[in-house]
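Q: I'd like to ask you about the structure that follows.
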Amino acid sequence: KEKHKILHQLLQNSTSPVDL
Amino acid sequence: LSSTSCLLGNKIISHLLLTEPTPLAANQDNSTNDSSLRTLLTLCDLMNRELLVLIDWAKEIPGFSGLSLVDQMSLLQSGWMEALLVGVAWRSQDAVGEELVFTGNLRLDEAQCRATGLADLYEALRHLTAKYRAMKLSPEEVVTLKAMALANSGKSTPFPQQDTDVQFQDGLHEALQDYESSRREQHRAGRLLMTLPLLRQTADRAVQAFLRLHRNRHVPLHKLLLEMLDAK
């Protein structure tokens with residue numbers, strides 16, 4: 001996680017799941 | 001195929017079309033007098049910003065947010081270049097002089113690619129572009145192919161896949177099948193899937209090219225781009 005911390009942070013930003 | 005799955009397929013593709021990001025514009029680098037290096041730095045800056053957009057785009061693919069964080073990271077780390085190159089190959093289809101159209105204001109011909117150390121990438125991407133051009137892809141197929149490239153990019157492990165992984169892949173596959181069935185193109189979904197290995201090869205060559213430039217010629221790269229290249 002430390003090695004890929006930017007991606008980890010960007011993905012952790014809250015997002016609403018798409019409901020189809 | 002049931003009418004329900006047909007409807008769902010169309011909804012997924014409609015959603016992918018709707019959430020397809022607007023192409024970014026390149027910001028011309030002015031930090032050096034070396035014009036080849038300037039072109040390369042302009043391209044790397046564009047790719048770094050496109051990566052940010054791509055990560056937000058991935059979250060919008062139906063099923064992606066249901067994956068574990070580890071799986072989301074793994075798919076993006078493996079498939080980001082493939083997803084970006086689908087767009088480049090699509091935009092380069094009708095380019096004058098066989099240029100690679102990275103974005104509207106960043107088009108590189110063979111000589112420019114050679115000068116920037118990207119001759120290998122040029123050749124691979126023109127090959128992919130020719131393949132897509134011959135297939136006359138529709139916008140629906142392009143957005144679905146891009147999502148499938150990402151969904152299909154996970155590392156193969158000896159462990160059984162999680163239900164969420166399978167559902168994510170199956171949902172996109174079904175959407176593509178339903179779309180092609182509605183166009184009475186029975187073999188088209190299979191033909192599109194058979195282009196994925198070429199896309200992966202092209203992306204691998206692209207990653208190697210950028211890593212070479214960074215390691216051998218010490219081309220500075222943005223943090224996110226470097227992190228994603230390193231993950232490969």
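Q: Taking R0 as 22 Å, what FRET efficiency do you get between B:H218 and B:N33 from their Cβ-Cβ distance, rounded to the nearest 0.05?
A: It comes to 0.85.
Q: Also, I was wondering about something else. Where nothing but the Cβ of Lys and Arg (+1) and of Asp and Glu (-1) is charged, how large is the charge dipole of chain B around its Cα centre, in debye to the nearest 20?
A: About 400 debye.
Q: For the protein assembly as shown, what D do you get in µm² per second when you plug the Kirkwood radius from alpha-carbon pairs into Stokes-Einstein at 4 °C and 1.567 mPa s?
A: 69 µm²/s
Q: With no solvent and one point on each alpha carbon, what is the Debye value of log10 I(q)/I(0) for the range B:63-136 at q = 0.15, 0.20, 0.25 Å⁻¹?
A: -0.58, -0.82, -1.07
Q: Only helices at least 20 Å long along their axis, Cα-based, and averaging 0.5 or more on Kyte-Doolittle count here, so list those DSSP H runs from chain B.
A: For chain B, where a helix must reach 20 Å along its axis and average at least 0.5, the hits are B:3-19, B:69-91.
Q: Right, here's the next one. Ordered by packing density, taken as the mean number of other Cβ atoms within 10 Å over each peptide's residues, highest first, how do B:101-114, B:36-49 rank?
A: The peptides rank, most packed first, as B:36-49, B:101-114.
Q: Could I ask something else about it? Run through all the Cα pairs of chain B and give the fraction in each 10 Å bin from 0, expressed as whole percent.
A: P(r) for chain B, in whole percents per bin: 7, 32, 36, 19, 5, 1, 0.
Q: Here's another thing I want to ask about it. Give the order of B:S14, B:S68 when sorted by the count of other beta carbons within 10 angstrom, beginning with the fewest.
A: Final ranking by Cβ density, sparse to dense: B:S68, B:S14.
Every number here is computed from the coordinates shown, using simple stated rules; none is lab data. Being a predicted model, the structure only gives us computed values, none of them experimental. Cβ: placed from backbone, ideal geometry, glycine included. Neighbour counts: every protein chain shown.
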